[in-house]
1. Just to check I understand the Karplus step: with θ = phi - 60° and J = 6.51 cos²θ - 1.76 cosθ + 1.60, what whole-Hz values come out for segment 192-207, glycine and proline as x?
2. Using modelled backbone amide H atoms (1.01 Å from N, in-plane), which distant-in-sequence or interchain residues come within less than 5 Å of His206's amide H?
3. Taking the highest mean first, how do the peptides 302-310, 247-255, 187-195 order by number of other beta carbon atoms within 10 angstrom per residue?
4. Taking K and R as +1 and D and E as -1, what net charge do the other residues with C-beta under 13 Å from the C-beta of Ser324 add up to?
5. Gain in length, Asn286 to Thr12, computed as 0.36 nm per residue apart minus the alpha-carbon separation, to one decimal in nm?
6. Quick one: if you stick a label point 7 Å off each Cα along the C-beta vector at Gln295 and Glu254, how many nm between them?
7. Length gain on complete extension for the stretch Glu181 to Ala229, per 0.36 nm per residue less the alpha carbon to alpha carbon distance?
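Please treat every number below as a calculation from the coordinates, not as lab data. This one's a predicted model, so the numbers in the text were calculated from it and none came from an experiment. Note: ideal-geometry Cβ built from the backbone for every residue, glycine included; neighbour counts use all protein chains shown.
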Amino acid sequence: MLRNTLLLTLATCILIAGVSFSWPPSPAAVTVFAPRREGGEEQRNNLLASFLQWLPLDYREVLSHGLPLFRYEKDKGEKVPGPGAGSFWEKAVGLLTWIDISEPRSIILGQVPLLRQVSFSDQKREERIPSQRREVATVNPTPSSPPPPTNLPEGGPRVAIFHTHASETFIPLHNASHVYEDVSGIVRAGQVLAQELRKKGITVIHDQTPHDIDVHREAYSHSAKTVAAILQEHPDLELIIDLHRDAPSASAAESRSITSTTVAGEKMAGILFMVGTDGLGLEHPNWRENHILAQQISRQMEQMYPGLSRGVRTSRARYNQHLSPRMILVELGGVENNMEEITRAAECLADVLAAIISKD
């Protein structure tokens, strides 16, 4: 029995060796899913391929339904190695599947075609840095505002306006509380405020960088960098305004009632001043200076436009006001106010700020 087993094994080896040595070479590269050519040189010299052509179905067509490599390479029009040089098993697998088993990566890429679209070279992940939108390059679809007066005082800007939450808008304007693909309502309010101050001869920087476009809770970290850069370039600024809009936790009707007011018979948005402190343990030892400034503006507003100010509130958060004692956070109206009410309030705020600056 042992002799029979040895003879059978020897005969099998001789058969395999004979097939391997008699295997004709193939072209260096063939079309993965090329149409079968009757009588071609390759099939005349290949006994197995000649036998397979008598089958009623194209075996490659059948295999293509189970191996995405076939269909993917056909669609892409690429060339892959066919059965050629190498061991008998490489040739056998290559003939039946057109997969080069000596290249494991080709097998993986064949089964996961999406990976062919990916470059595996070392790449630095491109950080999504909020683009800076300045007043000189606004994408506001509304008509451009008239140019500022030419009799501006010499020297650098006196007021800076920016938005930690530049996506904040008003539901009557956008039917949403935040927008990212359009100029938001609060940015438009900042444009009105800047325009009105310039009309009064006060030079203004209006920075429209969207600090909350990626992670909303990191907006203050991003805006702190903007403020620091502005202060480094313009250390003599007299006033820095972080302009927001309020969003009371109430029904739509109640929210609108909270953030709206009537001044001299005219309906407009109310204005709230927020002052940050060191209540959360963050360094802000001079927050009382910010508080005094906010109270001064609120009192001036009450004198000029009684009922417009919603008062001054303090918070445990510091709102980046530790960067300058001349920095205030203004809540201009609320999410339910319309742009007519917001615009009128911004114009009144400009009058008040101009009066404060002229006194100083």
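1. 5, 4, 4, 4, 5, 5, 5, 4, 8, x, 9, 6, 9, 9, 10, 8
2. Long-range HN contacts for His206: Glu135, Ile161.
3. Packing order, densest peptide first, comes out as 187-195, 302-310, 247-255.
4. So the environment of Ser324 carries a net charge of -2.
5. My answer for the length gained is 89.4 nm.
6. If labels sit at Gln295 and Glu254, their model points lie 3.1 nm apart.
7. 14.8 nm
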